[in-house]
Amino acid sequence: MLLLGLLLAACAAPKPPAATVPVAAPPESTLGRLVARAGFVSVLAYAPGERRAEPRRVVLGGGSGTLIGTEGLVVTAAHVVVGEGFPVEVTTVDGARFAGRVLALLPEKDLAFLCVPGLIGRPGVRLRLSDPLPGAPVLAFGSPREGRIAAAAGRVRGGRLSGSIHYGRFVLEAPLELALTIGPGFSGGPVVDVDGELVGMLASFALDTGDDGDPPGRGLAFAVPGKTLAAELPAARCAR
């Protein structure tokens, strides 16, 4: 039985969960290269200030994102951003910040595609087009708070769920189920296999009560499979 709090990882958190270790990842370090190879970026979503006393940009959401390919296309969870056309800012592992916009919003899949012209030509992660086997090891990256990167190691728990997960207007269709302890700020972040290929994009997490053989309190995470991402990519195009 799952206690599906389904806490969206775009929510603010005072600190990362105990099982998720904050890591410093200088770009020239082995870990920094691994994070960059996974396509990890952090994401902030904005809306224009409407009142005179408000700042020019109002932060409405944030989390993580994943750079795919070389055309400046970043995928994140739909609940991280606001709507199509809204401005976003992404930060890469080397601290560089780039402006972008929401290119497509698919709440029925909890997916959003961002166009970030400044990242055109920069290599992103490779998509894995087949589902990983149950028990396969995975590594995930997220941004539990602005300016921090966290890594979490786990495994594929049981492949895909047979049904869908609903939270508000967002839906996860047949997501990958992962034995992985993550927290707020990981939504939109990459999950990679031992070859560095993207097996999925993180969307939500829950708590395992241990009824299925795993120790109680073990984290569960749910990700949009790489195969699903690949099916939606042809409709998403980014231009300078």
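We did not get these values from a lab; they are worked out from the coordinates using the rules stated. Note that the coordinates shown come from a computational prediction; the quantities given were computed from them, not determined experimentally.
Subtracting the Cα-Cα distance of Asp195 and Arg155 from 0.36 nm times their residue separation leaves 13.0 nm of extension gain. Across all C-alpha atoms in the range 104-198, the radius of gyration and Dmax reach 14.3, 39 Å. Each listed q (0.13, 0.26, 0.27, 0.29 Å⁻¹) maps to a log10 I(q)/I(0) for the range 73-124 from the Debye sum over equal C-alpha point scatterers, namely -0.28, -0.98, -1.03, -1.13.
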